[in-house]
Every structure is written in C-alpha cells, then in structure tokens.
Amino acid sequence: MEIDVLAGTVQPVDKTIAAKAQERFDNLIKPVGSLAKLEEMATRYAAIYGSADKNDVNFPCKTVLFWTDDAGTAAEYMQGTKPACVLAENSGVKSQTFLVTASSIEEALLEGALLAKEAIGTNNGQQVLALGCVDSSVPQYNAENFEAGGYDFLNQIGSRTIAAMAGAVLQAAALKVPVMLDGAASCLAALAAVKYNAAAADYVFAGHVSAEAGMEELLQKLGLSAPLRLDIKICRGEGAILALSLLDAGIKAYKEMETFAEAGVHVEVKEFSHAEEIKAGKQGAK
C-alpha cells in the first residue's frame, strides 16, 4: 500500500464523544476540572474508541515500540536490559524493538507502517502504542522546514528511523489506535504524519516535555500539551512509558468514580453540584 493511500484512510475522531466524556468528568463528585490532564487524556482516549459509556472504556493493552537503524543497538534493546526496557517491564508495558532496514525515506515510511500493523495485530481490544527512538543521535527540529509537505519534511530531516515512526503513526491512526509520543524524534514523526493527514493529530498524545532543543515548539505545532516535564536530555521512550500510567489513572477515575446522580446526592448536597460549580466559576470570572 502506498503511504498516501494509507494516510487517506485516517478518519477524524468524533468530537461529540469527547464532549460527552468530559461531561461525565464534570459531573463526578469532585471539583470541576480538578483532574486536569488526566481528564483530557481519558476523554480523548474514549473518543478514539467511540464511546463515552464508562463500561465501554477499558484499560488498554500497552506496548512501547523502540526504533533504530543500527543493528547493534537493536540487539541491545531486544535483550531487555536497557533502562527504558526495565522501566517498561516494571510498568506492565510490553516492549518490541524494530530495526529499520529501509534504504530510503519512502521505503522507511512503508516499513514503519507494516511493523506497527504487526505490533497492533488482530486484537480487537483497546490498546495504545508508545514510541521511543533509540538511535545514537536525533536530528533537531528546524522551523524552516515546517512548511514542507510530509515527504519533503522527512527528506529534509534525513532520518529513516523518524520516517518509519511516521509510518507507524499513520498506521496506528488508520486502525484507531492512540499513540503516546516521547521525545523530539517521535514528535517529528508525528508532525510528518499530520502533514500527510491532519486527522492523524487526533490519535497522538504528548507524554512529556523533554529538555531537547525545539521540544516546546514541536508540541505547539502538534497542538499538544504534556502531563509531565521530566527534563530528559536524551529520550529513549522513558517519558512515554511513564505517561501511560497517567492515562490509566484517568481511565480509572472515569470508570470508578461516581457522578452526583449515580451517588444520589446531587439534590441533597446542592452546593457541590455541577450546576453550582459552573455558577460559582462564572461569578468568579466577573
């Protein structure tokens, strides 16, 4: 399949489902918006999978994909002893390492898409992928390249690994699987994917803000904000892995906390109701 054809299959997420999911959060027995980024992550996750029903929103199977074009590095990560591998294991996150063998950017895009499809498999359950680039060096974001189209953007970056990750993002989005981004490399890949189809942005989550050059601007270009600021200078997937636990926390609150209506206290304790929270907020803004 040509990458343009794959990109064309990515469909926007239904924003009305996200709004319904946020409405449930707003009506939980807690101050409105008090779970902040956890709410945003869980509502976007619910929208991707197409239901705001708390019984349909389940904890996802989590897999971190490590990407490199160096055979030696790939072998090291396949052994599972690298810090990011150990962190993944301790966090209940499955890990897979992919060696990018493509000789061109175009081939790398397709290779990444095929490898991501392999990682997603035929499991119809809810799942999420995290991306980690483990190359020895990562090209920095150059604002002058932003206006370039997807292929030209990747060609100017010149990294087959990042191209493969871009293909992976497009494949995941086409299969309605969310992707947790890590450092600058994964953000560059996501930005390239969005250049192929803007709807791909609906499926990517920011894991953390690293200390890499251009990271803040990359997240801004993607329209994302991250729940963590870890100041990691060389990212290998650790931030994305940690952020997956926050996604689980948001889902847990969504599924297990009660709304005022569910608890039967929305009338008896009026001052804590959603309507009163909204009213107080409006009065405070005046």
Just to be sure I understand the filter: pairs with C-beta atoms under 7 Å, separated by 6 or more residues or on different chains, first member in region 108-128 and modelled with pLDDT under 95, second member aromatic (Phe, Trp, Tyr). Which pairs pass?
GLN126/TYR49
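Residue-wise test of (1) surrounded by fewer than 20 Cβ atoms within 10 Å (Cβ to Cβ); (2) more than 28 Å from LEU191 (Cα to Cα).
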position: VAL5; (1), (2): yes, no
position: THR9; (1), (2): yes, no
position: VAL13; (1), (2): no, no
position: ALA19; (1), (2): yes, no
position: LEU28; (1), (2): no, yes
position: VAL32; (1), (2): yes, yes
position: LYS37; (1), (2): yes, no
position: THR43; (1), (2): no, no
position: ALA46; (1), (2): no, no
Could you list, in sequence order, the residues of region 65-121 that are hydroxyl-bearing (Ser, Thr, Tyr) and either over 28 Å from GLU2 (Cβ atoms) or over 19 Å from the mean Cα position of the chain (by Cα) (or both)?
THR68, THR73, TYR77, THR81, SER91, SER95, THR101, SER103, SER104
Odd one out for THR63 among (1) out of contact with any Gly (no Cβ under 9 Å at 6 or more places or on another chain); (2) in contact (Cβ under 8 Å) with a residue 12 or more places away in the chain; (3) assigned to a loop (DSSP other than H, G, I, E, B); (4) of a type outside the set (A, V, I, L, M, F, W, C)
(3)
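For ALA18, state whether it is out of contact with any His (no Cβ under 8 Å at 6 or more places or on another chain), hydrophobic (A, V, I, L, M, F, W, C), free of Cβ contacts under 8 Å to residues at least 60 places away in the same chain and on the phi < 0 side of the Ramachandran plot.
yes
From the set of residues in region 156-176 that are among the hydrophobic types (A, V, I, L, M, F, W, C) and without any contact (Cβ under 8 Å) to a residue 60 or more places away in the chain, which is farthest from THR97 (Cα to Cα)?
Looking at residues that are among the hydrophobic types (A, V, I, L, M, F, W, C) and without any contact (Cβ under 8 Å) to a residue 60 or more places away in the chain, I get ILE157.
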Going through region 218-240 in order, the residues found to be surrounded by 24 or more Cβ atoms within 10 Å (Cβ to Cβ) and under 18 Å from ARG44 (Cα atoms) are ALA240
Suppose we filter region 141-198 for residues that are among the β-branched types (Val, Ile, Thr) and not in a helix (DSSP H, G or I); how many remain?
2
Determine whether THR73 is β-branched (Val, Ile, Thr), out of contact with any helix residue (DSSP H, G or I) (no Cβ under 7 Å at 6 or more places or on another chain) and either at pLDDT 95 or above or assigned to a helix (DSSP H, G or I) (or both).
yes
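The values are calculated or read from the model by the stated rules, or taken from the named source; none is laboratory data. Because the structure is predicted, anything quoted here is derived from the model rather than measured. Because the Cβ atoms are built from the backbone with ideal geometry, glycine has one as well, and the counts that use them run over all protein chains shown.
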